[in-house]
Amino acid sequence: MTITPDSIVYWQWGDFELNATIVFTWLVMVLLTAGSWLVTRRLSDGPELSRWQNLLEVLVVGIRDQIAQVSHQQPGPYLPFVGTLFLFIAMANLLNVIPGYLAPTGSLSTTTALAICVFVAVPVFGIASKGAGAYLEHYIKPTALMLPFNVIGEISRTVALAVRLYGNIMSGTVIVAILLSLTPYFFPVVMQLLGLLTGMIQAYIFAILAMVYIASATSAHEHGEPDENQNKTSPEQ
């Protein structure tokens, strides 16, 4: 029983190994890139839209709405990063229906890389929104004694992101393998369908948590006050 795609090596040269995690990660990236190009090469702003453009617009609008609800900020700056996280994880998990495919999110190295992306993005967005001084100041609030605890908190939530996604995907694979050995027909199919649902939920949770962490670093309002940019009204209103 294969626990992680890291253990399947297709080609090796010295210390370099081309394992299933790398292969299927690049497969997901190629599919997302090619799909995006095919859908967006002939975009239309008229009443007649292709079904793929409709699907793309539903995804984009849905992600934008979720970002706005979580962050209470304009979603534009965060849409590319958070949307990419969601689409990559969702596609990686949905392809599990293909025989022989192993989700790269079942590898701790992949989930760690995704969590590190969030770990880096949080201060980047925070500094871009508040400035370096204002962002770094929150590490010593309410007192400078909190500095090590705040740093540990940043690291621990990154570890939690990686382990949560890895654990959920890996556990589904293990359960399907066990049921396949016991009842090789009915239960594995049911568990595969549940695994797809779990994979989509995990993609959603990962993207939402990433946005929560970014929103906490970029929040433009204090003490529950709404964002000024969102509450400005024109004289005509």
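The values are calculated or read from the model by the stated rules, or taken from the named source; none is laboratory data. Since the model is a prediction, treat every value here as computed from it, not as a measurement. Here the Cβ positions follow ideal geometry from the backbone for every residue, glycine too, while neighbour counts run over all protein chains shown. For the accessible areas, the whole protein counts, side chains as well, though only heavy atoms, and no ligand, DNA or RNA atoms are used. Shrake-Rupley method; radii C 1.70, N 1.55, O 1.52, S 1.80 Å.
Restricting to the range 54-76, name every residue that is within 29 Å of S216 (Cβ to Cβ) and open to solvent by 70 Å² or more (accessible area, probe 1.4 Å).
Result: V58, V61, R64, D65, Q69, H72, Q74.
Looking only at residues in the range 107-131 that are under 14 Å from the mean Cα position of the chain (by Cα) and of a type in the set (G, A, S), which one is surrounded by the most Cβ atoms within 10 Å (Cβ to Cβ)?
A115
With at pLDDT below 90, assigned to a helix (DSSP H, G or I) and of a type in the set (A, V, I, L, M, F, W, C) as the only criterion, which of L79, L94 stands out?
L94
Pick out the one residue from A215, A177 that is modelled with pLDDT under 65, among the small types (G, A, S) and open to solvent by less than 40 Å² (accessible area, probe 1.4 Å). Steps first, please.
On the way: A215 fails: modelled with pLDDT under 65.
It is A177.
Need the failing condition index for E137 against (1) assigned to a helix (DSSP H, G or I); (2) surrounded by 19 or more Cβ atoms within 10 Å (Cβ to Cβ), just the number.
For E137, the failing item is (2).
Taking the range 39-53 as the region of interest, how many residues are closer than 21 Å to P75 by Cα and either among the aromatic types (F, W, Y) or surrounded by fewer than 11 Cβ atoms within 10 Å (Cβ to Cβ) (or both)?
Result for the range 39-53: 0.
Going by what's in this entry, would N54 be described as in contact (Cβ under 8 Å) with a residue 12 or more places away in the chain, assigned to a helix (DSSP H, G or I) and over 16 Å from the mean Cα position of the chain (by Cα)?
Spelling it out, it is not the case that N54 is in contact (Cβ under 8 Å) with a residue 12 or more places away in the chain, assigned to a helix (DSSP H, G or I) and over 16 Å from the mean Cα position of the chain (by Cα).
For the range 77-86, does any single residue satisfy the condition of being over 14 Å from the mean Cα position of the chain (by Cα) and within 14 Å of I214 (Cβ to Cβ)?
Among the residues of the range 77-86, at least one is over 14 Å from the mean Cα position of the chain (by Cα) and within 14 Å of I214 (Cβ to Cβ), which makes the answer yes.
Looking only at the range 161-172, which residues are at pLDDT 80 or above and open to solvent by less than 40 Å² (accessible area, probe 1.4 Å)?
If the condition is that a residue be at pLDDT 80 or above and open to solvent by less than 40 Å² (accessible area, probe 1.4 Å), then L161, A162, L165 are the ones that fit.
Any residue that is modelled with pLDDT of 85 or more, hydrophobic (A, V, I, L, M, F, W, C) and within 20 Å of W26 (Cβ to Cβ) - is there at least one of those in the range 117-126? Walk me through how you get there before you give the answer.
Quick first cut of the range 117-126, residues modelled with pLDDT of 85 or more only: 117-126.
From the residues that got through so far, the ones that are hydrophobic (A, V, I, L, M, F, W, C) too are 117-122, 124-125.
Keeping just the survivors that are within 20 Å of W26 (Cβ to Cβ) gives 117.
Among the residues of the range 117-126, at least one is modelled with pLDDT of 85 or more, hydrophobic (A, V, I, L, M, F, W, C) and within 20 Å of W26 (Cβ to Cβ), which makes the answer yes.
Taking interchain pairs and intrachain pairs at least six residues apart, which have beta carbon atoms under 8 angstrom, with the first residue in the range 16-27 and touching a residue at least 12 places away in the same chain (Cβ under 8 Å) and the second among the charged types (D, E, K, R)?
N19/D6; A20/D6; T21/D6
Quick check on the range 144-158. Is at least one of its residues at pLDDT 85 or above, open to solvent by less than 40 Å² (accessible area, probe 1.4 Å) and over 16 Å from I214 (Cβ atoms)?
no
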